[in-house]
Every structure is written in C-alpha cells, then in structure tokens.
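The values are calculated or read from the model by the stated rules, or taken from the named source; none is laboratory data. A quick note: this is a predicted structure, and the numbers were derived from the prediction, not measured. Positions of Cβ are generated from backbone atoms using ideal geometry, with glycine treated the same way; all protein chains shown enter the neighbour counts. Each accessible area value is taken on the protein alone, full model and side chains, heavy atoms only, with ligands, DNA and RNA left out. Shrake-Rupley method; radii C 1.70, N 1.55, O 1.52, S 1.80 Å.
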Amino acid sequence: MGIVTKFKDFRSNRKDRNDRKVASNGQSQEKEMSFLDHLEELRWHLMRSLAVIMIIGIGLFVNIQWFIDTVILAPFSPEFPVNKFLCDLNQSLCFDSVGVSYQAIDPYEQFLRAIGLAFFGGFIIAFPYVLWETWRFMKPGLHAHERGKLKGTVFILSVLFFIGVAFAYYVVLPFSVQFLSSFKLSEAIQNQWRIGKVISLVTQIVVAGGILFELPMMVFFFSKLGLLTPAFMRTYRRHALVILLVMAAIITPPDVLSQILIFLPLVILYEFSVMICVVVNRKRDKEIGLTTEE
C-alpha cells in the first residue's frame, strides 16, 4: 500500500508542477498530463541516455582491439597487478597465461561480440549520466523537502556502482580466472576458450558487482518509504545472508574462493545497511513526533 500511495503522490505532484499554465486573462489554469504525456517525457530521457551510451560505445568500437587487450583480457595476463601480487606472495599462485588460448568459432562471433562489448562499456561509463536523466524525470514529482533529502543521490549511487565494478574487476575476476585456468580434468586437455564466453564471464561479474554494491542505497530508499525497519532486517538477517550467498554463487564461477570474495563484502554492506536503516527510521520517527506535537 505504501508504494502505491507514494506512486499516486508522485504522479499528482508531476501534474501540479509540470502542467500548470498561465491563461491569457492572467489566471492560473491547470491541465493534467495524460499517461501518454508521461510516457513521451520518459521516452526523451531514455533517448538521451541511449544517445550518450551509443556515442561512448562507438568510440570504444573504433578502438575495440585496445579495449579487448588492455581491459577485457587484462585479468588473464600474468602482468595484471593482482596476478603479480599473488605471484610475489607465493610462487604457487603464479598465473601462467600460456596455458590458455582464445578462439572464435562462428564467422560473425568476433564482430557481434565487439558490438555487444562496446555497448556494455558505454553503459558502464555513462552510468552516472543515466542516473542523472532518471533523476531529472523523477525530480518534478517530488516536494521541495523530498528533493533536499535526496540531494547527492546520483553521486552516491555512481560512486557505489564504480566501487562495486572495481572490486569485481580487480579482486573477484582475477581469482576466478586463476581457478578456471588451473583446473583440469586431465593434462591431455588444453584450455581453449571461446572469446564470447570469456567476454560474458567478464561482463557478468563486473556488472553484478556494480549492482550488488547499490544495496545500501536500496535500503535507504525503502527505509524512507517506511517499508524497511531495523527490527525486520535484524530478524531476517539469517535469511538475507542465505540469499546473498546464493546471489554470490550465481554471479561467480563455481569455485568457493570467488564466492567467498563476493559474499564477504555483501555481508559488510548488509550490516552497514542495517545502520542506515536505523538512522533513517530514527529521523523519520522524530519528524513524525514533531509533526504530532505541532
């Protein structure tokens, strides 16, 4: 019920702020925006976001070989910072890329993967702008005090997303590569990986890391709406940890080390989210108390 009520208030506010026009006799006249008008406005925000993603994607496509060699395949190289660190730490952890070769089986595989990879890179780089366009669409439907409370949201969401991407790229991905490249059913079997599968592995882990690190902000919004309470999060902590463990198992390769590497930060983020929920609920209760007294 809370979400439905909030959505109705949001639409009502957009109508009040966006559709107020001044008539020729100087009196204010309101014209309600139809559902199609809302869709039209949303379409332009999506079009601008897509245009920025495509512009960046075209730039990456033009330099696709550089992008593949220095970004996508970098964690598969012994010269990658994390791989060098592990090798210096223990010789048994040294990564030998000679045992892995890449191949393209289908005639159009490399071309189609290049297009998909350029779009993926464009989305990652343009993520803050996409959030900003989303905020521009939502902003007119919010009250002044609501806009003040949500100030800086785009920046925080962007920072959390890039932290998650960096963690997945520099920590989870190298360990996953280490495991997958060293595991063999037999010495007679050589690792010859399809380039499409390699790209899918990288994009899957990186995007999942970015999205999962948005957990604190999701908790913040749900707490603001009154849908989450600290008591609820503490009561169902065990259930939440099981869900996080399952999510870590889904987005990582089937090795325990990679799952632990993604699961531990999620546990820390969950506990941090509980603290956020406590602060938001206390502040909301205080505001409700002040309103009641008035």
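What to note about this one:
- Qualifying positions in region 260-280 - open to solvent by less than 20 Å² (accessible area, probe 1.4 Å) and over 15 Å from Gly164 (Cα atoms): Ser273, Val274, Cys277, Val280
- In summary, Phe111 fulfils each of the numbered conditions (1) open to solvent by 40 Å² or more (accessible area, probe 1.4 Å); (2) touching a Lys or Arg at 6+ places or on another chain (Cβ under 8 Å) with the single exception of condition (2).
- Test result for Phe213, surrounded by 16 or more Cβ atoms within 10 Å (Cβ to Cβ) and at pLDDT below 85: no
- Picking from residues in region 228-264 that are more than 22 Å from the chain's Cα centre (by Cα) and touching a residue at least 60 places away in the same chain (Cβ under 8 Å), the one that is nearest to Lys197 (Cα to Cα) is Asp255.
- Among the criteria (1) open to solvent by 50 Å² or more (accessible area, probe 1.4 Å); (2) closer than 28 Å to Glu109 by Cβ; (3) among the small types (Gly, Ala, Ser), the one Gly196 does not fulfil is (1).
- Condition check for Phe272: more than 22 Å from the chain's Cα centre (by Cα) and modelled with pLDDT of 85 or more: no
- Residue ID - nearest to Met217 (Cα to Cα), chosen from residues in region 183-203 that are in a helix (DSSP H, G or I) and in contact (Cβ under 8 Å) with a residue 24 or more places away in the chain: Thr203
- Scanning region 45-66 for residues that are open to solvent by 50 Å² or more (accessible area, probe 1.4 Å) and farther than 18 Å from Thr203 by Cβ returns Leu46, Met47, Arg48, Leu50, Ile55, Ile58, Val62.
- Matching option when the condition is surrounded by 15 or more Cβ atoms within 10 Å (Cβ to Cβ), small (Gly, Ala, Ser) and farther than 30 Å from Ile105 by Cα, among Ala240, Ala231: Ala240
- Residue check, Tyr102 touching a strand residue (DSSP E or B) at 6+ places or on another chain (Cβ under 6 Å) and of a type in the set (Phe, Trp, Tyr): yes
- Residue under evaluation Ala168, criteria (1) in a helix (DSSP H, G or I); (2) farther than 27 Å from Val71 by Cβ, criterion not met: (2)
- Scan of region 148-165 for residues that are of a type in the set (Gly, Ala, Ser) and touching a residue at least 12 places away in the same chain (Cβ under 8 Å), ordered by number: Ser158, Gly164
- Pairs where the first residue, in region 39-52, is in contact (Cβ under 8 Å) with a residue 40 or more places away in the chain and the second is basic (Lys, Arg), C-beta under 8 Å, 6+ apart: His45/Arg136
- Contacts under 6 angstrom Cβ, first residue in region 67-84 being open to solvent by 30 Å² or more (accessible area, probe 1.4 Å), partner at pLDDT below 80, 6 or more apart: Ser77/Ser97; Pro78/Phe95; Pro78/Ser97
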